[in-house]
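What follows is one structure encoded as structure tokens, with my remarks underneath.
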Amino acid sequence: QAQLEESGGGLVQAGGSLRLSCTVSGRRTSSTYACGWFRQGPGNEREFVSTITWNGSGTRYADSVKGRFTISRDRNTVYLQMNSLKPEDTAVYYCAARDGFLGMGLAGRDYTYWGQGTQVTVSS
């Protein structure tokens, strides 16, 4: 069982940056989980943003954020560095985790554990 908690959201102007953090706690350390970031904007379905392997050796990104967002991790935290933010990045961002041996997942249904989400608002 894992518990995930996101932080770092907020209001930023277009072109600005934010760094989201996801702290993973529970009986196992976060390094045994593959993790991902998803987002859900107003009136939209939840969509994949990025994912990282349990050891950080592999990453994937949605085309819409490639070159602007960077996912990384250390012992118990997964980060999403978001640069050159656009108004269309406005959404609630969710962190997710699944057993590391399963590898990266690109769909919400691939993940077992979810955080409560953190709001990111980008003004034009």
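Lacking any other cysteine beta-carbon closer than 4.7 Å, the following Cys residues of the chain have no compatible partner: CYS35. Potential lengthening of the chain between SER84 and GLN13 amounts to 24.6 nm, from the contour at 0.36 nm per residue minus the alpha-carbon distance. Farthest toward the positive end of the dipole of the chain, out of GLY105, ASN44, THR90, is the Cα of GLY105, where the dipole comes from beta carbon charges about the Cα centre. In this structure, GLU45 and THR77 have a Cβ-Cβ separation that, at R0 = 22 Å, corresponds to a calculated FRET efficiency of about 0.20. Once C-alpha pairs closer than 8 Å and six or more residues apart are averaged by separation and normalised to the residue number of the chain, the relative contact order reads 36 percent. When the alpha carbon gyration tensor of region 39-105 is reduced to an equivalent ellipsoid, its three semi-axes come out at 21, 14, 10 angstrom, largest first.
Exposed loop positions in the chain were taken to be trypsin sites (Lys or Arg not before Pro) whose DSSP state is not H, G, I, E or B and which have at most 12 other beta-carbon atoms within 10 angstrom. Between these positions, the longest stretch is 76-124. For the chain, the solvent-accessible area with a 1.4 angstrom probe is 51 square angstrom per residue.
Here region 22-124 exposes an accessible surface that is 45 percent carbon and sulfur, computed with a 1.4 Å probe and the other protein chains kept in place. Need one number: the % of Cα-Cα pairs in the chain sitting beyond the 27 Å mark. Here the long-distance tail beyond 27 Å is 11 percent of all Cα pairs in the chain. Taking GluC sites (Glu not before Pro) across region 21-124, the ones in a DSSP loop with at most 10 further Cβ atoms lying within 10 angstrom of their Cβ are GLU45.
The values are calculated or read from the model by the stated rules, or taken from the named source; none is laboratory data. On a predicted model such as this, the values are computed, not experimentally measured, just so you know. Cβ coordinates were reconstructed from backbone atoms using ideal geometry, including for glycine residues, and neighbour counts include every protein chain displayed. Ligands, DNA and RNA are stripped out before the accessible areas are found, and what is left, the full protein with its side chains, is counted by its heavy atoms. Shrake-Rupley method; radii C 1.70, N 1.55, O 1.52, S 1.80 Å.
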